[in-house]
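Structure, as structure tokens:
The values are calculated or read from the model by the stated rules, or taken from the named source; none is laboratory data. Predicted model only: the values in this text are computed from it and were never measured. Every residue, glycine as well, gets a Cβ built from its backbone with ideal geometry; the counts of neighbours run over all protein chains shown.
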Amino acid sequence: MSLTKRVQMKSAIILFFIITIGAGWASAYAPVIKPGALRCEYRKAPLGIDTPKPRFSWQLDSGKQGTRQSAYQMVVEGVWDSGKVDSSSTSQIRYNGKPLVSCTSYRWKVRVWDQHGKVSPWSETALWTMGIMSPDEWRAKWIRSPGNKGGNNDADLNGAKWIWTVAEGGTIEEPPVGSCLFSRRFQLERYADVLEAELNVAADSHAVVYVNGTQAVKTAHWQTGETVAVKELLVEGENELKIFAFNEADTEKPAGVVCSLKITRSDGTERSIISDKEWSAVIKTVRTHKNHPEKKIERTSIVSEIAPFGQGPWSRQVYFGDTENPRGLPVFRKRFEVNGTPRKAFVNVSGLGQYELFVNGEKVGDHVLSPPWSVYEKTVYYNMFDITGLLKRGENEFKIMLGKGFYNTLGDRIVHHVNTWGELMTILEAHIEYSDGSKQTVVTDRSWDVANGPVVHATTVGGSDYNAAFDQPSEWGRAVETQAAGVLRGVESPAMKAFERLAPVKAVEEPEPGVFVYDFGQNLSAVPCIQIRGRKGQTVRVIPAEQRHSQSGRYNNGTGRVNQAGVGSPNYYEYTLKGDGTERWSPQFTYGGFQYLEVVGAVPEGRLNPDDLPVIEVVESVHVRSSARRVGDFSCSNPLFVKIDKAIDRAVRSNLAHVLTDCPTREKLGWLEVAYLMGPSLSRRYDLSLLYAKVMRDIRETQGESGAIYTTAPRYINLDINHRIGYTIEWGAAGVVLPWQLYRWYGDKRVLRENFQTMKAFVDHIKTCCNDLVPKPGLGDWFDYGHGQSRGASKFTPADLTAMATFYRCSLIIEKSAEILGESDDVQKYRALAKEIRSKFNQTFYTGNGEYRNYGSPQTANAIALVTGLCEPQNERDVLHAILADLEKRNYQQTAGDVGFHYLVEALGRFNCHKTVCTILNRRDLGSYGFMIDRGWSALPESWDAATNESMNHCMLGHIQQWFYMDLIGIKQAEDSVAFKKIIIKPQTETDLEWAEGYYDSINGRIVSKWKNEADRLTMEVTIPANSTATVYVPTHDVKEITVNGAAVADAPYVQVVKMEDGRVLLNVQSGRYEIVATRASFTMVN
């Protein structure tokens, strides 16, 4: 071999070794960690962030065990570089750069250092867009229709009073038969500037109204008000209104008149003349005597105000509008030019009560029922959308349709005590930036057009009506500028959206001639969607229900027409056809809860149709709910447990809306106790970080001046706060518990600080209303259960006991919160208060025989004492035994209800009574989950006995889900941990199940727990996210019988034996995936 070849060969060998060694070195020192799942304010690429210092989070992607972050660097292009920050935090990272600018998009990225000081690559770049950060920055104006303020029941009577007169010697409660002449003079300047004048009037019994001597309108019945335009009857200078009101003999009590004359000028200013005590009155009565003829008497009288409109004996039962030809809800439009190529375009938009926005005929976004329900007088939410792809060069059009929601219930088919009459209005501000850098803004103002649209009725709980003939309004007017009471805020909770589309599970049935029923197999929050053809003007009615008539017992097996028991009526959807071929419709601005849809006025495809009715081609049930992200799942080898979990989940999904509702049918109200008592269950399946923060704003904004937190938030129903249905401590406690839960689950300290004063005010209020630290009793353990006993307020547990236990729990939470927030004085104050409550509670309620005071069943009383820590340690065994004895005596029938069952499940889990839980769950007789499942109810009913006169879609008794997650698969968080930095994996493998598995996507990443019992071994599969650690409980008495990823524990990397405890080996594991096997001979049975 030549010298040259030998040199070449030697060089090649050296090069080979260099490459090989270099590759190995590079592999050994290459970063094994990378940040991903970047979020701003808990959302990916969010639009409309209006907090000046947003918070950021990420998760660590690593294929290696034991990965931890030691530092990070975050960069927001052009405005902030954090530099290297020594911290293991991956969430709640607060922006600290230059001031952010409204309607501006920002790009950000992050890199991290692991525990060895190795730096990761930069993450992918993420994006977020600021909304309009201050109310003062809005250029747009709120606008409304000049002649349609609230749909078909749109009379503007804000401030008006029901008035009448009191005769000599009489009372307002005993008005005499006869008539009154009411009059009011007023001055009108600048008549030429008057755009419109609208008179609204109602009277009991009836009335005739004159404007300047000319009859303007008559009313016929107190429930039917009249609206009339009277501009042409007004004059420059002095004007006079006269109302001749009659109180007839057959409607002697009560009597009253209410009216409002609203004058709108061309500049948008308004003036209202309303009925009040300033009016003059002349009484005209008829006096009769057996010995004398009738005598008519007239005399001047003082006007008395009986009640504001919407209150008093007439409540909200007065209807204004044309019942034969109802006006549609308002539609607004604006045509504008786009004179270039948009580089980006964003729109900020809101509507009261609800809105849908269209650009060039295409709906913007996939939201339904926007904006979120709120305390409208304080907060109105707006959405931000990217509309870049919807614009075109040349003429474009914005169109906004309005619905009513909870903001306006005038004329609704069902109001369920919600009496609101807000003026329908909208606001929009669009920002367009062109490729050449120029900018354009389009805003709502009085230049917008407005017309009556095709939605002629839309209610939150009573359905919706649509006349397709008015899809394209032909008569347009000009909008009027107005003002909303609440402050505009960027939406902070997940939007409601449409999810699954369900087809009927069996052939359509015809229980009566011309009546067709579709069965979708699942009871869900939903809207119908129909595809239909027919002639113009034909109408089809769709009626939702959870049940059908002719059910046997409490089985969901009816074959008759739909039964709206538990739903409420009248509740339906009605569609009037346009008549131009196949039409597809789904109602707007409403949703319901149903398994069945009854169709009247149309015939299914393929059926005989002698009357030439519209033909139904398709009927679907479209599931509608909050888009809160799914973060967990559960399954196991017991089919009944899986069915129970699915039924609860359907109820949870159906009640995840803009609040956590009680039911998706008759109320849709945010009753507060479920939010926190079901919190441990809900949070393992859905991301509640944003929804519950929004609920807390609702609570803050409805809290009474005294500090009281009421039973619902927003407080749309004016329940008596002196009655337990309006104020109950166990419900109001959500205002204290929810911030604490959010802090524990997500590490959200901001939510604690924002709500700390609310929390303290509530507990202080409770204390002021106590009798020697024993609070006023409320509803107590609502819907607790005993065979054959009535449902409702607590039967087995003193209501003041659960109230006092809740008072204690809230005091402890405030003490802990104060410690975290550095409020040392409050730490001492509430620690001392909790100590006093605890002592007094045991003096008052502990009977000394292992039971707390109860009325026949100690389950709730004892469980709440055990879980809250009120029970003295030396009594815990006896108190627990009393629960177990009561369960055994009742054949494992739980008596605990809405409040108590959470504590019962928690107590049985905490004290390792898991076989007892399984026995409860495996029951199938009356009063059990199995009873509900076996009788065909696909969602969780409101009551333990599946009473068919109640809601069949309630999640308030679904607390067993927390046992599935926290005990059966065993994913918990250590007591001293937040954001699942320290995890506990403690599955209950000794429960006669073959296997169970599930996961939870914590803010740090996915946690997995799977286990399987086999003939000779137990296998556990555990995944811990990077940057977290876990304590894993393995049921064995011999650590030598355990292998981890095929190796002995002593040889397994990132695993350490902590100790033996109650027949289990405790292993401390770092992040990563582990397969843990324990041989059957080493098992220890625990229960």
Residue among Ala805, Ala799, Ala793 that alone is modelled with pLDDT under 95 and within 29 Å of the chain's Cα centre (by Cα): Ala793
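Tally up the residues in segment 920-963 that are within 25 Å of Tyr686 (Cα to Cα) and in contact with a His (Cβ under 9 Å, 6 or more places away or on another chain), please. Steps first, answer last, please.
First, the residues of segment 920-963 that are within 25 Å of Tyr686 (Cα to Cα): 921, 929-930, 932-933, 937-944, 951-963.
Adding the requirement that they be in contact with a His (Cβ under 9 Å, 6 or more places away or on another chain) leaves 939-943, 959, 962-963.
Final tally of qualifying residues: 8.
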Pairs where the first residue, in segment 432-458, is touching a residue at least 40 places away in the same chain (Cβ under 8 Å) and within 19 Å of Met384 (Cβ to Cβ) and the second is small (Gly, Ala, Ser) and crowded, with 17+ Cβ neighbours inside 10 Å, C-beta under 6 Å, 6+ apart: Ile432/Ala345; Val442/Ala430; Val443/Ala140; Thr444/Ala140
Pairs with Cβ under 8 Å, 6+ apart, first in segment 108-129 and closer than 17 Å to Pro54 by Cα, second among the small types (Gly, Ala, Ser) and part of a strand (DSSP E or B): Trp108/Ala126; Lys109/Ala126; Leu127/Ser105; Trp128/Ser105; Thr129/Gly48; Thr129/Ser105
Failed criterion for Gly389 (all others in (1) in contact with a strand residue (DSSP E or B) (Cβ under 8 Å, 6 or more places away or on another chain); (2) under 26 Å from Glu362 (Cα atoms); (3) not hydroxyl-bearing (Ser, Thr, Tyr) hold): (1)
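Give Val567, Val652, Val642 a once-over and let me know the one that is of a type outside the set (Lys, Arg), over 30 Å from Pro714 (Cα atoms), under 26 Å from the mean Cα position of the chain (by Cα) and not in a strand (DSSP E or B). Break it down into steps so the answer makes sense when it comes.
Details: Val567 fails: over 30 Å from Pro714 (Cα atoms); Val652 fails: over 30 Å from Pro714 (Cα atoms).
Of Val567, Val652, Val642, the one residue that is of a type outside the set (Lys, Arg), over 30 Å from Pro714 (Cα atoms), under 26 Å from the mean Cα position of the chain (by Cα) and not in a strand (DSSP E or B) is Val642.
Listed here are the residues, each with its yes/no results for (1) of a type in the set (D, E, K, R); (2) within 30 Å of Val567 (Cα to Cα).
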residue: Asn912; (1), (2): no, no
residue: Thr916; (1), (2): no, no
residue: Asp934; (1), (2): yes, yes
residue: Asp945; (1), (2): yes, yes
residue: His959; (1), (2): no, yes
residue: Met966; (1), (2): no, no
residue: Gly970; (1), (2): no, no
residue: Gln973; (1), (2): no, no
Where a residue in segment 554-571 is free of Cβ contacts under 8 Å to residues at least 12 places away in the same chain and under 18 Å from Gly521 (Cβ atoms) and its partner, wherever it lies, is part of a strand (DSSP E or B) and among the basic types (Lys, Arg), with Cβ under 7 Å and at least six apart: Gly558/Arg548
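A quick yes/no check of all residues on (1) surrounded by fewer than 14 Cβ atoms within 10 Å (Cβ to Cβ); (2) at pLDDT 95 or above; (3) within 28 Å of Glu429 (Cα to Cα); (4) touching a strand residue (DSSP E or B) at 6+ places or on another chain (Cβ under 6 Å):
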{"residue": "Ala28", "(1), (2), (3), (4)": "yes, no, no, no"}
{"residue": "Pro35", "(1), (2), (3), (4)": "no, yes, no, yes"}
{"residue": "Arg39", "(1), (2), (3), (4)": "no, yes, yes, yes"}
{"residue": "Ala45", "(1), (2), (3), (4)": "yes, yes, yes, yes"}
{"residue": "Pro54", "(1), (2), (3), (4)": "no, yes, yes, yes"}
{"residue": "Ser62", "(1), (2), (3), (4)": "no, no, no, no"}
{"residue": "Tyr72", "(1), (2), (3), (4)": "no, yes, no, yes"}
{"residue": "Asp86", "(1), (2), (3), (4)": "yes, yes, no, yes"}
{"residue": "Ile93", "(1), (2), (3), (4)": "no, yes, no, yes"}
Filter pass, Tyr555 being of a type outside the set (D, E, K, R), over 30 Å from Lys972 (Cβ atoms), modelled with pLDDT of 95 or more and not in a loop (DSSP other than H, G, I, E, B): no
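Out of curiosity, is Phe520 surrounded by fewer than 19 Cβ atoms within 10 Å (Cβ to Cβ) and of a type in the set (Phe, Trp, Tyr)?
Values: surrounded by fewer than 19 Cβ atoms within 10 Å (Cβ to Cβ): no; of a type in the set (Phe, Trp, Tyr): yes.
It is false that Phe520 is surrounded by fewer than 19 Cβ atoms within 10 Å (Cβ to Cβ) and of a type in the set (Phe, Trp, Tyr).
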Residue check for Ser525: outside any loop (DSSP other than H, G, I, E, B), buried (at least 18 other Cβ atoms within 10 Å of the Cβ) and of a type in the set (Gly, Ala, Ser): yes
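Quick one: is Pro513 at pLDDT 95 or above and crowded, with 18+ Cβ neighbours inside 10 Å?
Values: at pLDDT 95 or above: yes; crowded, with 18+ Cβ neighbours inside 10 Å: no.
The answer is no for Pro513.
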Residues being under 30 Å from the mean Cα position of the chain (by Cα), basic (Lys, Arg) and under 25 Å from Val615 (Cβ atoms) - total across segment 537-564: 2
Residue satisfying all of: in segment 708-720; more than 17 Å from the chain's Cα centre (by Cα) and touching a residue at least 60 places away in the same chain (Cβ under 8 Å); surrounded by the most Cβ atoms within 10 Å (Cβ to Cβ) among these: Leu719
Pick from segment 382-412, criterion surrounded by fewer than 17 Cβ atoms within 10 Å (Cβ to Cβ) and basic (Lys, Arg), ranking: farthest from Val491 (Cα to Cα): Arg393
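Looking for something in contact with a Cys (Cβ under 9 Å, 6 or more places away or on another chain), at pLDDT below 95 and either closer than 25 Å to Asp934 by Cβ or not β-branched (Val, Ile, Thr) (or both) - is there at least one such residue anywhere in segment 636-648?
no
Mind checking which helices (runs of 4 or more DSSP H) fall wholly inside segment 913-1017 and carry at least 1 residues that are in contact (Cβ under 8 Å) with a residue 60 or more places away in the chain and more than 27 Å from the chain's Cα centre (by Cα)?
Numbers: elements: 914-922, 929-934, 960-963.
Filter on segment 913-1017 gives 914-922, 929-934.
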Scope segment 378-434; condition touching a helix residue (DSSP H, G or I) at 6+ places or on another chain (Cβ under 7 Å) and charged (D, E, K, R); matching residues: Lys378
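Of a type outside the set (Lys, Arg), buried (at least 23 other Cβ atoms within 10 Å of the Cβ) and within 30 Å of Ile820 (Cα to Cα), is that true of Ile984? Quick ask: steps written out before the conclusion?
Working: of a type outside the set (Lys, Arg): yes; buried (at least 23 other Cβ atoms within 10 Å of the Cβ): no; within 30 Å of Ile820 (Cα to Cα): yes.
The answer is no for Ile984.
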Matching residues, segment 974-1000, being under 23 Å from Tyr746 (Cα atoms) and small (Gly, Ala, Ser): Ala974, Ser977, Ala979, Gly998
Meets criteria (in contact with a Gly (Cβ under 8 Å, 6 or more places away or on another chain), modelled with pLDDT of 95 or more and aliphatic (A, V, I, L, M)) for Ala863: yes
Evaluation of Asp898 against (1) part of a loop (DSSP other than H, G, I, E, B); (2) over 29 Å from Leu752 (Cβ atoms); (3) acidic (Asp, Glu) (one fails), failing number: (2)
Candidate set from segment 89-121 (those that are among the hydrophobic types (A, V, I, L, M, F, W, C) and outside any loop (DSSP other than H, G, I, E, B)); member that is farthest from Asn1027 (Cα to Cα): Trp108
Residues (without any contact (Cβ under 8 Å) to a residue 60 or more places away in the chain and of a type in the set (A, V, I, L, M)) located in segment 386-419: Ile387, Leu390, Leu391
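Does Val827 qualify as being within 33 Å of the chain's Cα centre (by Cα), in the same structural domain as Arg744 (by TED's automatic domain parsing) and of a type in the set (Val, Ile, Thr)?
Numbers: within 33 Å of the chain's Cα centre (by Cα): yes; in the same structural domain as Arg744 (by TED's automatic domain parsing): yes; of a type in the set (Val, Ile, Thr): yes.
Answer is yes for this residue.
Of all the residues that make up segment 852-878, how many are part of a helix (DSSP H, G or I) and farther than 22 Å from Leu677 by Cα?
Filtering segment 852-878 down to residues part of a helix (DSSP H, G or I) leaves 859-868, 873-878.
Subsequent filtering for residues that are farther than 22 Å from Leu677 by Cα retains 873-878.
Counting residues in segment 852-878 that are part of a helix (DSSP H, G or I) and farther than 22 Å from Leu677 by Cα gives 6.
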Residue selected from segment 232-241 under the condition out of contact with any helix residue (DSSP H, G or I) (no Cβ under 9 Å at 6 or more places or on another chain) and farther than 16 Å from Leu157 by Cβ, by the criterion surrounded by the most Cβ atoms within 10 Å (Cβ to Cβ): Leu233
